[in-house]
Amino acid sequence: MTAEANAGLAKMLPALMADEWLHYVSAGNQSMFLEERTLDGSPWERRERFLENSALRHFDRVKTPVLIFHGAADRRVTVDQSESAYRALARLGKPAVLLKYRGVDHGLFDWPDGHRLDLWTRLVEWFEEHLRQVPAAPAGE
């Protein structure tokens, strides 16, 4: 579960699916089929499984800064999933950043070069900032 990251590290989440149930009803037939295969049924048949696999239910356990990025025109995982995740993390007082990129869909490698360059630059800066705070392991470990 992505919400259970190790203390002291940073977490990066692309197109975060925060709520399995919402994703099931909003993302189209292909996603419904994949969700049913992955979770062995619909949300009405496997209620507990869908709830347990929804990241929103676990955000209280997040111990690391979180960077979420999402294409605003994503049809596979709608941007409201990442917006909900960001709002939940903020409400819980967890350090989080949400980057939304206009006009791009789910496939990161189909994004325009300018968007990709901006994202890669921000990712490097994010990890440099947050990983620099982690003490290095002693030599030989």
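Where a number appears in this text, it was derived from the coordinates with a stated rule and is not lab data. No experiment lies behind these values; they were computed from the predicted model shown. Cβ coordinates were reconstructed from backbone atoms using ideal geometry, including for glycine residues, and neighbour counts include every protein chain displayed.
For segment 41-90, filtering for residues that are of a type outside the set (A, V, I, L, M, F, W, C), in a loop (DSSP other than H, G, I, E, B) and touching a Lys or Arg at 6+ places or on another chain (Cβ under 6 Å) leaves 1. Being in a loop (DSSP other than H, G, I, E, B) and more than 14 Å from the chain's Cα centre (by Cα) holds for only one residue in G114, G103, and it is G103. Look at T38 and say whether it is within 17 Å of A18 (Cβ to Cβ), free of Cβ contacts under 8 Å to residues at least 60 places away in the same chain, in contact with a helix residue (DSSP H, G or I) (Cβ under 6 Å, 6 or more places away or on another chain) and polar (S, T, N, Q). So T38 fails the test. Restricting the search to segment 42-81, which residues are farther than 12 Å from E20 by Cβ and without any contact (Cβ under 8 Å) to a residue 24 or more places away in the chain? Those that are farther than 12 Å from E20 by Cβ and without any contact (Cβ under 8 Å) to a residue 24 or more places away in the chain: W44, E45, V79. The set of residues in segment 82-118 being touching a Leu at 6+ places or on another chain (Cβ under 6 Å), buried (at least 18 other Cβ atoms within 10 Å of the Cβ) and free of Cβ contacts under 8 Å to residues at least 40 places away in the same chain consists of Y86, A96.
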